[in-house]
1. Which one, [x] 5.9; [y] 4.3; [z] 5.0, gives mean projected area of the Cα convex hull in nm² as derived from the coordinates shown?
2. Note down the accessible area of R21, probe 1.4 Å, to the nearest 10 Å².
3. Mind checking which of Q63, V51, V7 is farthest towards the positive end of the chain's charge dipole, using Cβ charges of +1 (Lys, Arg) and -1 (Asp, Glu) about the Cα centre?
4. By how many nm would the segment from R47 to R35 grow when fully extended, if each residue of separation counts as 0.36 nm and the alpha-carbon distance is taken off?
5. Hey, what did the chain get for relative contact order, percent, Cα under 8 Å, at least 6 apart?
6. Could you tell me what percent of the accessible area of the chain is made up of carbon and sulfur, with a 1.4 Å probe and every protein chain present?
7. How far apart, in nanometres, would the label points at L15 and A65 be if each is projected 7 angstrom from Cα along the Cα-to-Cβ direction?
8. What is the magnitude of the charge dipole of the chain about its Cα centre, with +1 placed on the Cβ of each Lys and Arg, -1 on the Cβ of each Asp and Glu, and no other charges, expressed in debye to the nearest 20?
Amino acid sequence: MGGKVTVLAGATGRLGGLIARSLRDRGARVRAIVRPGTAPGKALQLRQSGVAIAEADYGDGEQLARACEG
């Protein structure tokens, strides 16, 4: 799926997690945006499946823009 990164919100939920893992299984580079205070176990499960994690407050446009860079 090339060198692009797919940025995904909601990846710590059931459906979002399935989408993140499915993309990784297809060879995509995936970055999940998680809210500050997200349960560490949820983020760890994503990391273990090869998903990069970026923490951002969904109400802060600057934080979201930084999470989507690169």
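1. So the calculated entry is the one marked [y].
2. Here the residue's solvent-accessible area equals roughly 80 Å².
3. Working it through, the farthest residue towards the positive pole turns out to be V51.
4. Values: separation 12, 0.36 × 12 = 4.32 nm, distance 1.51 nm.
Separation in residues times 0.36 nm, less the Cα-Cα distance, equals 2.8 nm.
5. Dividing the mean separation by the residue count of the chain yields 29 percent.
6. Values: 2260 of 4500 Å².
The value for the chain is 50 percent carbon and sulfur by accessible area.
7. About 2.9 nm separates the two model spin labels.
8. Numbers: 11 positive and 6 negative charges, 82 e Å.
Around 400 debye, computed over the chain.
The values are calculated or read from the model by the stated rules, or taken from the named source; none is laboratory data. Since the model is a prediction, treat every value here as computed from it, not as a measurement. Glycine also receives a Cβ, built like all others from the backbone with ideal geometry; neighbour counts cover every protein chain displayed. Note: areas computed on protein heavy atoms with side chains; ligands, DNA, RNA excluded. Shrake-Rupley method; radii C 1.70, N 1.55, O 1.52, S 1.80 Å.
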